[in-house]
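Read through the structure below, which is laid out as structure tokens, and then see the notes.
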Amino acid sequence: MAHPGGRDPYITVGEILIWLLFVALLVPAGVVGWAIGHSTGGTRTVTRTVAAVSAPTRTAKTTTPARTTPSPPAAGNAATGKAVFTATPCGSCHTFKAAGSTAKVGPDLDTRPAVDAKQNHMPLAAFVRESILKPNAYISPGYKKGVMPQTFGKQLSTTQLADLVAFITAGK
């Protein structure tokens, strides 16, 4: 027996239920994915830089302003740095034997930092620190710019950063 309008009402109800199920599963998955992608980890670090002005020093013949050299960052604790390394996504991209990571997305931290620091004419600790804070300042040969997140300077405290640098540079 043919139904008015030529459609089977059970197929129509079945189609509606499939669409509702599809939407019911897709919308929450999309919202959760968006939330994860936009999460900052719940921490926020505020860094304030205070400039100190020094008075010029006077000599018998000339007056010259005193020069200040920025002090190197405080030395960190390598043991604590290992905890920072494993708590952050470092090991998901870098090979580093001391942390037990073997990923290949980013440079091998067992060998590349020393080589790249030398090529960049920088002390190893300063190079590693800059590479964490400004990952695109120097790109290791064979790797692409923009892969490493630019947010570690905001996510890590000064102590965590010093500890992480100490861990990566320990024994090199």
(message) Any residue that is modelled with pLDDT under 90, buried (at least 19 other Cβ atoms within 10 Å of the Cβ) and hydrophobic (A, V, I, L, M, F, W, C) - is there at least one of those in the range 144-155?
(response) yes
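If you check ALA117 against the conditions, is it closer than 16 Å to LEU164 by Cβ, of a type in the set (A, V, I, L, M) and surrounded by 13 or more Cβ atoms within 10 Å (Cβ to Cβ)? Write out each step before concluding.
Details: closer than 16 Å to LEU164 by Cβ: yes; of a type in the set (A, V, I, L, M): yes; surrounded by 13 or more Cβ atoms within 10 Å (Cβ to Cβ): yes.
Yes; evaluated as a whole, the condition is true for this residue.
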(request) Count, please, the residues in the range 89-107 that happen to be within 20 Å of ALA162 (Cα to Cα) and either loosely packed, with under 15 Cβ neighbours inside 10 Å or charged (D, E, K, R) (or both). (result) 2
(message) Looking at the range 113-131, I want the residues that are under 20 Å from LYS97 (Cα atoms) and at pLDDT below 95 and have a partner that is part of a helix (DSSP H, G or I) and of a type in the set (Gly, Ala, Ser) with Cβ atoms under 7 Å, at least 6 apart or on another chain. Which pairs are those?
(response) LEU124/ALA114; LEU124/ALA117; PHE127/ALA117
(message) For the structure I just gave you, tell me whether GLY81 is surrounded by fewer than 19 Cβ atoms within 10 Å (Cβ to Cβ), modelled with pLDDT under 90 and under 16 Å from the mean Cα position of the chain (by Cα).
(response) no
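The values are calculated or read from the model by the stated rules, or taken from the named source; none is laboratory data. For clarity, every value in this text was computed on a predicted model and none was experimentally measured. Cβ sites come from the backbone with ideal geometry, for glycine too, and all protein chains shown count toward neighbours.
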